[in-house]
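Below is one structure, written out as C-alpha cells, with a few remarks after it.
The values are calculated or read from the model by the stated rules, or taken from the named source; none is laboratory data. Just so you know, these numbers come straight off a predicted model, no measurement behind them. Here Cβ is always computed from backbone atoms with ideal geometry, including for glycine, and neighbour counts include all displayed protein chains. With ligands, DNA and RNA removed, areas are computed over all heavy atoms of the protein, side chains included. Shrake-Rupley method; radii C 1.70, N 1.55, O 1.52, S 1.80 Å.
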Amino acid sequence: MNFDHKLGIRITEARYKINRMPEEVARMLDVPLARYIAWENGVRPVKVNELVLLAMVLETTPNELLDWEG
C-alpha cells in the first residue's frame, strides 16, 4: 500500500468522523467531486496547500491526516 492510498484512507476516516458526504466536502473545498474522490481512493496525490485545507474542512490536522506524531 503506497503513501497516497494510506492518506486516502485517513481522509475517508476523517470525513466519516464529521458525518459528511464526499459531495459536501468537495463543495466546501471548492474542488470537483472527481478530484476529491481521487484523493480518498489514493489515486491522485494531495498537494501541501490542499492538505491544509482538507484538514481544516475535516476538522483535523495535517499531522493527523499524514499519521505523523509530534
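Running a GNM on the chain with Cα contacts under 10 Å, which residue among 22, 32, 45 ends up with the highest mean-square fluctuation? Looking only at 22, 32, 45, the largest GNM fluctuation is found for 32. Packing here is the average count of other Cβ atoms within 10 Å per residue, and on that basis the peptides 50-59, 11-20, highest first, run 50-59, 11-20. Set against the labelled values [x] 3, 19, 25, 24, 16, 10, 3, 1; [y] 4, 19, 33, 30, 11, 3, 0; [z] 3, 19, 30, 26, 14, 5, 2, 0, 0, P(r) over Cα pairs in 5 Å bins from 0, in percent computed from this structure falls on [y].
Normalised per residue, the accessible area of the chain is 67 Å², obtained with a 1.4 Å probe and no contribution from ligands, DNA or RNA. Potential lengthening of the chain between residue 31 and residue 5 amounts to 7.4 nm, from the contour at 0.36 nm per residue minus the alpha-carbon distance.
Using a Förster distance of 22 Å, how high is the FRET efficiency between residue 16 and residue 47, based on the Cβ-Cβ distance and rounded to 0.05? E between residue 16 and residue 47, to the nearest 0.05, is 0.45.
For the chain, with all protein chains in place and a probe radius of 1.4 Å, 54% of the accessible heavy-atom surface sits on carbon or sulfur.
Give me the dipole magnitude in Debye, nearest 20, for the chain about the Cα centre, with unit charges on the beta carbon: positive for Lys and Arg, negative for Asp and Glu.
Once rounded to the nearest 20, the dipole reads 160 debye.
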